[in-house]
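What follows is a short report on a single structure.
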Amino acid sequence: MKGLDAAFVAFERTHSPLHVASVAIYDPSTAPGGKVEYKDILKFIQSRIRLAPSMRRRMVKPPFGIDYPYWVEDPHFDLEYHVRRAALPKPHDWQELCNLTASLFARPLDLERPPWEVTIVEGVDNIDGVPKGSYAAISKVHHAAIDGLAGVELMQATHTLQPDTEPPGGKDTWKPERMPSSLGLFMRGYVRAFTIPIRQARAVVETAPGAIKLASGAIRGDLKLKGMLKTPRTRFNWTITPHRVVVGESFPLKKIKAMRAIVEDATINDVMLSIVGGAMRAYLLDKDELPDDSVVAMAPISVRTDDEKEDMGNQLTAMRAPLGTQIEDAVERLAFVTSETQNSKAVTKALGARHMTDISQNNPALYLGLASRLFTQFHLANRIKPVFNTIVTNVPGPGMPLYSAGAKMLKLYGMVCIVDGVGLGHVVQSYCDEITIMAAACRKAMPDPDFYAECLRESFNAHKAAIPKLKVAAE
């Protein structure tokens, strides 16, 4: 396991499990025979599991945390343990699905098995735009095993482009491995501990040109560094509880694309950041807690190369993205967000995103474990000034319909883990002609998720209202 992946394992606590998740809704009427049963889903996944090798690997931790965990082909793999079923309570609506999702999302995964679960939820009968008889799949995967782009690869391995696609041909050649001995893991970790400082030094040397480039850009005025660490504290930046709320909204992708024209050089990501900024502004304003300075999001950036598409784990760095919560007008906020993200991208490019990731991949395992325990035990999230207030990660999904066991996927939402100090996270997920935002939060920090959903809708509408003004002005 690499350093960033090991950090996700080391920092996991019972009250803050570090897995990512998704909610997909399916219409079984497209399947052969017009229906899909639990046994059909099991058979479908079993037939394609060879296309996603990570699904049968479990992590093994060396004694005393002397080294990063290792991935091993699980000798006790049991598909039915990982694929479960549940029934959606009455009135079978979106609110109940969010409640069930929040409850499942709050539970840690069993790290002595391959770290993923899928819960098939039957009875999804009362959601707008979803036919009666549909079902949902709530999936969880530990963040140590997956990032956003790797998640898309996993989804493609467990879905098809046609409802009647035949299973992959050939024999499944997967073989379980024998569990390594504790002594062997300890000795291997002991030897590796001596090489980590060398790899760290090499990575630091490789970032030196980027640091020089960054300083030069700041001196010339091409890069803005002032205020880069100016982050206010909000209700979401304290130690979190084990309890979660989940809320999701969907918007037409065509409208989001049209909003790019509101501000020159704005991207879809800028638009979604501005929409989240407007929602957080309205929510904090309602609580009389709106800070004077902009709330700041952490926007993960993938540095995964084509050669690493099938690798487990994370190839990520982070970009600082101010959300313009101090600005009421949606157009002005989008202009602010666009300017700030362009500057953050330039700073990240100057430093070298890949080199920064390489540094994080070589942190000593013992230090990771010690740091995680100290951070939790002394509630340092309540004492240290936050670097980010929230997370907003943009995951581009497939532009064509996908099918599972013949059932057509109708909607797709994503969730990101939250931790002490960052108790609110957003996933922006595109799929076909729709884009969704799903927010997961600590229940103590957000006791009224329905109101936050309303804030997201109103922020979207404020941006949408700016589109006709541009057309009138052009005429």
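The values are calculated or read from the model by the stated rules, or taken from the named source; none is laboratory data. Bear in mind the structure is a predicted one, so any value in this text is a computation, not a measurement. When we count neighbours, we look across all protein chains shown, and the Cβ atoms used for this are built from the backbone with ideal geometry, even at glycine.
The single condition among (1) in a helix (DSSP H, G or I); (2) surrounded by 15 or more Cβ atoms within 10 Å (Cβ to Cβ) that P163 does not meet is (1).
Across region 12-51, the number of residues qualifying as closer than 25 Å to V428 by Cα and either in contact with a strand residue (DSSP E or B) (Cβ under 7 Å, 6 or more places away or on another chain) or free of Cβ contacts under 8 Å to residues at least 40 places away in the same chain (or both) comes to 11. Contact map, region 62-78: first residue in contact (Cβ under 8 Å) with a residue 40 or more places away in the chain, second residue surrounded by 12 or more Cβ atoms within 10 Å (Cβ to Cβ) and in a loop (DSSP other than H, G, I, E, B), Cβ cut-off under 6 Å, separation 6 or more or different chains; pairs are Y68/M1; P69/M1; P69/K61; V72/E177; E73/P176; E73/E177; D74/P114; P75/P176. Whenever a residue of region 166-179 is over 14 Å from H76 (Cβ atoms), its partners that are aliphatic (A, V, I, L, M), lying with C-beta atoms within less than 7 angstrom and at least six residues away or across chains, give the pairs P168/L51. Considering (1) at pLDDT 95 or above; (2) surrounded by fewer than 19 Cβ atoms within 10 Å (Cβ to Cβ); (3) closer than 22 Å to L456 by Cα; (4) not polar (S, T, N, Q), the lone condition that P242 does not fulfil carries the number (3). Identification of strands (runs of 3 or more DSSP E) wholly contained in region 383-475 with 1 or more residues that are crowded, with 18+ Cβ neighbours inside 10 Å and touching a Ser or Thr at 6+ places or on another chain (Cβ under 7 Å) yields 407-415, 424-431, 434-442.
Against the test of being of a type in the set (A, V, I, L, M, F, W, C), within 20 Å of W94 (Cβ to Cβ) and at pLDDT 95 or above, the options A405, A445, A441 yield a single qualifying residue, A441. Just a yes or no: is a residue in region 270-290 out of contact with any helix residue (DSSP H, G or I) (no Cβ under 9 Å at 6 or more places or on another chain), among the hydrophobic types (A, V, I, L, M, F, W, C) and in a helix (DSSP H, G or I)? Yes; the residues of region 270-290 include at least one that is out of contact with any helix residue (DSSP H, G or I) (no Cβ under 9 Å at 6 or more places or on another chain), among the hydrophobic types (A, V, I, L, M, F, W, C) and in a helix (DSSP H, G or I). Counting only helices (runs of 4 or more DSSP H) that sit wholly inside region 1-119, those with at least 3 residues that are of a type outside the set (K, R), modelled with pLDDT of 95 or more and crowded, with 21+ Cβ neighbours inside 10 Å are 94-105. Could you tell me which residue of region 317-346 is surrounded by the most Cβ atoms within 10 Å (Cβ to Cβ), considering only residues that are hydrophobic (A, V, I, L, M, F, W, C) and under 20 Å from P386 (Cα atoms)? Residue satisfying both the conditions and the ranking: V337. Given the residues H82, H143, H92, which is the only one that is within 23 Å of A440 (Cβ to Cβ) and in contact with a Cys (Cβ under 7 Å, 6 or more places away or on another chain)? The conditions single out H143.
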